[in-house]
Amino acid sequence: DPAATWDAVDAYFGPLVGEDDVLAAASERARAAGLPEIQVSAAQGRLLQLLALATGARRVLEVGTLGGYSTIWLARALPPDGGTLVTCEIDPAHAAVARESLAAAGLSAVVDVVVGPAADTLRRLVDEGTEPFDLVFVDADKPSNPVYLDLAVRLSRPGTLVVVDNTVRGGAVADPRSTDPNVLGVREMVARIVDHPRLDATAVQTVGSKGYDGFVLARVRG
Ligand code: SAM
């Protein structure tokens, strides 16, 4: 059973990844509140954190908060002398759980959980002329991925990283006849990246405790 092996390997690398009690409690709080268990794995959360650290990110934007699990990984990468994370969530119940876990993690002061449709929030940030973000993590409703990509670029500076989760979907992304709106959202986004004059990108397939999926990583050029 390959999935059992993927689970075992994620467990083996647990000490390397180093999910602590605060993160484990955030997962547990989300589960107890009945939230869907669709957060990133610990290994993926750690990857996001390392990308934020590697780019020296001071301003992080997240689209899709759920219970704040990935938010905690990312917010912990912010520099101690400042930095901020804006995370967008449409479901007030999810946002409430996230706020509790962020408070327990001591991160309430650096994280702004914005409740509402993420596209509206991002458009408002564009209109306000907000400072550009250094890292954007897109992990919400997949049919909106093309919209989120466009808005993420508008909220970026040269060098900004954009990470989009769940872009392989068990391999379904490669099926040109798929009518799944999630697949179509990923494919349209990928088409836009291919044609984009300011994005260098790759896609990485992943297996693990979350099954077979993957992410797109893009960097905004000058
Ligand atoms: N990033 C989270 C993590 O790894 O811990 C998981 C996010 S979960 C996959 C997707 C979240 O996006 C859900 O909480 C869902 O309610 C939210 N969502 C769905 N549509 C949305 C929208 N239009 N605007 C903002 N959030 C949305």
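Every number here is computed from the coordinates shown, using simple stated rules; none is lab data. Here the structure is a predicted model, which means the values were calculated and not measured. Reconstructed Cβ throughout: ideal geometry from the backbone, glycine too, with neighbour counts over all protein chains shown.
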For a Förster distance of 45 Å, can you work out the FRET efficiency between the beta-carbons of Ala8 and Arg198, rounded to the nearest 0.05? 0.65
Considering the convex hull of the alpha carbon atoms of the chain, report its projected area averaged over all viewing directions, in nm², one decimal. 12.3 nm²
About its Cα centre, segment 1-143 carries a charge dipole, from +1 on Lys and Arg Cβ atoms and -1 on Asp and Glu Cβ atoms, whose size in debye to the nearest 20 is 200 debye
Would you please give the FRET efficiency between Ser209 and Arg154, computed as 1/(1 + (r/R0)^6) with r the Cβ-Cβ distance and R0 = 41 Å, to the nearest 0.05? 0.75
How much of the DSSP bridge set in the chain is antiparallel, in percent, rounded to the nearest 5? 40 percent
Of the options Tyr212, Leu51, Ala152, report the single residue whose Cα projects farthest towards the positive end of the charge dipole of the chain (beta-carbon charges: Lys, Arg +1; Asp, Glu -1). Ala152
So if each residue of separation counts as 0.36 nm, and I subtract the Cα-Cα distance between Arg219 and Ala191, what length gain in nm does that give? 8.5 nm
Between the alpha carbon centres of segment 103-126 and segment 150-183 the gap in Å comes to 21 Å
Within segment 180-222, backbone nitrogen closer than 20 Å to the virtual label 7 Å beyond the Cα of Leu16 toward Cβ: 204-215
For the chain the mean separation of alpha carbon contacts under 8 Å (6+ apart) over residue count, i.e. relative contact order in percent, is 18 percent
Just subtract the alpha-carbon distance of Thr55 and Asp175 from 0.36 nm times their residue separation and send over the number in nm, one decimal. 39.8 nm
